[in-house]
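The values are calculated or read from the model by the stated rules, or taken from the named source; none is laboratory data. Remember, predicted model here, so these are calculated numbers, not experimental data. Here Cβ is always computed from backbone atoms with ideal geometry, including for glycine, and neighbour counts include all displayed protein chains. Keep in mind that these areas ignore ligands, DNA and RNA; they rest on the heavy atoms of the full protein, side chains included. Shrake-Rupley method; radii C 1.70, N 1.55, O 1.52, S 1.80 Å.
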Amino acid sequence: MRRKKSRGNRKGNSRLAVARKYRKRIITARKKVKIVYVQPAATSASEALPTYDQGYDQGYDKGFSKGFRDGKHTGGDAIVDKCLPKYQILPEVSVEQLIAAGVERLRSQILHLLTAEQLGDRIVAALNSRAPFSLVRLGDGELLTMAQETIMPIEQILEEGPFLPYAGVNVPNLEVKGELVKAIRGASVVGIPKLRVRNFQPLAFSVFRTENIDYHQLTLTDSLVNYYLYQTGYLSRITQGRRVLVVGNQASQLAEVLRNHNVTIAGEVTPVHGVTDIPRIKSVIAQHDFDLALVSAGVSAVILSEWIASEMGKVAIDFGHLADAIVVGEAPYR
């Protein structure tokens, strides 16, 4: 005689059916991407099924880890294997050790960048002596702009630089490319990316080579030096007791923060509508009398900062997103 199923077993089978139905829905959701299903409430931890987000995150992390491992091998040990002659190996020597040994051997070719302290002292000296001085900084926006048609076709720049309109540039724009090259040649100090990743340091030196800019004749620093100046306490040293002109879309908010710390604001130039707005911005800046200009205006900041120094004889700093950090309180004035 067949034994009658208990109520508990019927309940368990019901839960199993729900679980199976749920798994089918998850598969459908993954295929259709936009479909989202809510997991039925579980009565115990053992019955809980992974949510779609959890499954996605786990799959993403697994894929990322595999991609990282494969990429590290391709860019590391695979190169070592290729460099070694046949039937020869180099056991118990890591890629990191090999790179360190190679860097040591090429030490004579290492280029020293100006430190934040060295740069800060130069800025203070220029302010004290009322000498012209400009700091410009090159990021992927400026470099992609200067790569137009010589290093990259416009189509590639549009693909790799979708943020360029936010930075103030709509490519193609060969005129602004020429202005950037001129600004780099005339700047007191040029910040370049230290990171050896795509569209950063490698692209910077490709631009220098293509545009016949002799970087040995430039005074170089890290493109993130604006943050390093802040971290080493130079913000207050260069703004206290100076008449400060603030330029950029955050000019009013930044000026308010600086005023709250007894900084004399000589003027606020805002907004800056990209590189096509540079002529108007120059005419507005020329109406102000100031000691120091803090320019946060995307790609335009490079051109404006160099112009302020060379044409007006003032000190100008390509201030960048440090302005945003100060305004929102991430970098309190000090």
So, with a 1.4 angstrom probe, what is the percent of accessible area on the chain that is carbon and sulfur?
53
Per-q log10 I(q)/I(0), the stretch 203-334, q = 0.17, 0.20, 0.21 Å⁻¹ (Debye; single scatterer per alpha-carbon; no solvent)
-0.91, -1.20, -1.30
Mind ranking His261, His216 by accessible surface for me, highest first, 1.4 Å probe?
His216, His261
Heavy atoms of Ile151: accessible area, 1.4 Å probe, square angstrom to 10
60
Residues Asn170 and Tyr333, FRET efficiency given R0 of 25 Å [Cβ-Cβ distance, rounded to 0.05]
0.15
If I ignore ligands, DNA and RNA and count only protein heavy atoms, how much of Lys72 is accessible to a 1.4 Å probe, in Å² to the nearest 10?
120
Solvent-accessible area of Met312, probe 1.4 Å, all protein chains present, reported in Å² to the nearest ten, please.
50
Against the 2.2 N^0.38 Å rule of thumb, the C-alpha Rg of the stretch 137-189 sits at a ratio of 1.08
Calculated FRET efficiency for the pair Arg107/Lys282, C-beta based, R₀ 51 Å, to 0.05:
0.70
Residue separation times 0.36 nm, minus the C-alpha to C-alpha distance between Lys82 and Glu311: what's the value?
77.1 nm
Compute the accessible area per residue over the stretch 122-211, keeping the other protein chains in place, probe 1.4 Å, unit Å².
48
In the chain, once you exclude exposed GluC sites (Glu not before Pro) (DSSP loop, at most 15 other Cβ within 10 angstrom), what's the longest stretch remaining?
150-329
Run the helix sum for the chain: -39,500 (n - 2.57) per DSSP H stretch of 4+ residues, divided by residue count, reported at 222 nm to the nearest 500 deg cm²/dmol.
-15500 deg cm²/dmol
Over the Cα atoms of the chain, compute the convex hull volume and normalise it per residue, giving Å³.
255
Length-normalised contact order of the stretch 155-228 in % [C-alpha pairs under 8 Å, at least 6 apart]
30
Just to confirm a number: summing +1 for Lys and Arg and -1 for Asp and Glu over residues other than Asn249 whose beta-carbon lies under 13 angstrom from that of Asn249, what do you get?
-3
Under 25 °C and 0.890 mPa s, how fast does the stretch 76-210 diffuse according to Stokes-Einstein, given a Kirkwood radius computed over C-alpha pairs? Answer in µm²/s, whole number.
135
Förster radius 56 Å - calculated FRET efficiency between Ile89 and Glu155, Cβ distance, rounded to 0.05:
0.80
Please compute, over every Cα-Cα pair in the stretch 49-151, the percentage with a separation greater than 22 angstrom.
69
When Lys and Arg each count +1 and Asp and Glu each count -1, what net charge do the other residues less than 10 Å away from Asp140, Cβ to Cβ, add up to?
-1
